[in-house]
Amino acid sequence: MSKPRIYQNSSFIVGKSIYLSDDAFGHVIRVLRLDVGDIIMLFNGQENYQYTAKLIDIAKKQAQVDILAKHEINNESPLNIHLGQGISRGERMEFTLQKSVELGVNTITPLFTERCGVKLSGERLEKKRLQWQKTVISACEQSGRCLVPEVKQPITLSQWLAQETAALKLNLHPRASHSIMTLKAQAHRVRLLIGPEGGLSDDEIEQANDAEFKDVLLGPRVLRTETAALTAITALQCRFGDLK
C-alpha cells in the first residue's frame, strides 16, 4: 500500500524531527487517522524531493515526525505550461485546476473576461485564490508531483496579454486553421489561453491575436471550458512534453 503524500511548506533535514503544520496535522491525524509509528511522505513544493517520515508523537493539537530519508523525484514535464484560464463557476474551475495540475501545468492565472460569470474582489477574491491553491496542492499530493504550481493573483485578460514572455502563445479557437498537433515550431514554454463558459468574445480573440497569440484548433466539436483546457494540455504534452 502506498504511503500518504503530505504537503508542508517547511525545510526537511534527514535525521531531524519536526512538527506537522496545522493543515498537515488535520489531514494525517483527523482525516487519515494515522498513529505513532506510521509512515508518511512529505514534500514542500519547492524542490524535486520527497521525504520519508515516521510519526513519533501525537498530542491533541500537534504531531511530531522523524525525517528518515530523502528521495529525488523526476516526474516534471520538459514542457513548461502557463495556463491563462477564464474564471468559471464553482466546481468547473476546481475541476480544471485539479486536472491541469495532474497533466503537468506549471503556473495558472485565473482571468476575468467579458463573459466571466464570477464577480469577486478584495478579500473574497483572495479567499477564493487560496482555495484554488489548496486544490492545486491536493492534486500534487495525489499525482506524485513535488513542485507545486502557483495560482497567480486573478487579473483581467488584457493585463495577462500585456505580460512579456518568450513562450509560444496559443489560443483555442473553433475556427482556427491549424491544430496543436501540426504546430511546426518546437516549444519548451507555452502560454495557453482558455476562455470561460461562453468562450471569449470576438474582441477578446482579436486582442489575443494582436498580442501574438496563435489560434489553434482541437477538433470539429465545441468543447466546454474545462474540457477544452484539459484536452489542449494533453495535446501539448503529447506534442512537446512527456505524454506518449
Got a sec to turn the phi values of region 103-111 into Karplus ³J(HN,Hα) couplings, 6.51 cos²θ - 1.76 cosθ + 1.60 with θ = phi - 60°, whole Hz, x for Gly and Pro? 8, x, 4, 9, 9, 10, 10, x, 10
Could you give the radius of gyration (one decimal) and Dmax (whole number) of the Cα atoms in region 5-72, in Å? 10.8, 33
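Among residues other than L79 whose Cβ falls under 15 Å from its Cβ, what is the net charge (Lys/Arg +1, Asp/Glu -1)?
Working: positive: R145, K169, R189, R191, R239, K244; negative: E76, E102, D242.
Residues near L79 contribute +3 overall.
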Compute the length gained on full extension between Y49 and S143: take 0.36 nm times their separation in residues and subtract their Cα-Cα distance, giving the result in nm to one decimal. 32.4 nm
Per residue of region 73-88, in order, report the coupling 6.51 cos²θ - 1.76 cosθ + 1.60 (Karplus, θ = phi - 60°) as ³J(HN,Hα) in whole Hz, putting x for Gly and Pro. 10, 10, 10, 7, 5, x, 9, 9, 10, 9, 8, x, 10, x, 5, 10
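Compute for region 117-244: radius of gyration divided by Kirkwood radius, i.e. Rg/Rh, restricted to C-alpha atoms, rounded to two decimals. Each step should come with its number before you reach the end.
On the way: Rg = 15.6 Å, Rh = 16.2 Å.
When Rh is taken as the Kirkwood radius, the ratio is 0.96.
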With the crude spin-label approximation of a point 7 Å out along Cα→Cβ, what separation in nm comes out for Q163 versus E123? 2.7
Neighbour-limited loop hits for trypsin sites (Lys or Arg not before Pro), region 1-53 (at most 16 other Cβ within 10 Å; DSSP other than H, G, I, E, B): K16, R33
Placing unit charges on C-beta atoms (Lys and Arg positive, Asp and Glu negative, everything else neutral), compute the dipole magnitude of the chain about its Cα centre in debye, rounded to 20. 460
Taking the Cβ of each residue in R175, R124 as the centre, tally the other Cβ atoms inside 10 Å and list the residues starting with the fewest. R175, R124
Here the alpha-carbon Rg of region 5-148 over 2.2 N^0.38 Å rounds to 1.18
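Which of the trypsin sites (Lys or Arg not before Pro) found in region 41-103 are loop residues per DSSP with 16 or fewer other Cβ atoms within 10 Å of their Cβ?
Details: sites: K54, K60, K61, K70, R89, R92, K99; in loops: K60, K61, R89.
The qualifying sites are K60, K61, R89.
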If we count GluC sites (Glu not before Pro) as exposed when they sit in a DSSP loop and have at most 13 other beta carbons within 10 Å, what is the longest stretch of the chain that avoids them all? 1-163
Would you list the P(r) distribution for the chain, with all Cα-Cα distances sorted into 10 Å bins from 0 and each bin expressed as a whole %? 7, 29, 30, 19, 11, 3, 0
Aspartates and glutamates near K127 by alpha-carbon distance under 17 Å, same-chain residues fewer than 8 away left out - which ones? D23, E91, E94, E150
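Laboratory data are not the source of any read-out in this text; all were calculated from the coordinates shown. Keep in mind that this is a model prediction, so the values were computed, not measured. Virtual Cβ from ideal backbone geometry, glycine too; neighbours counted across all protein chains shown.
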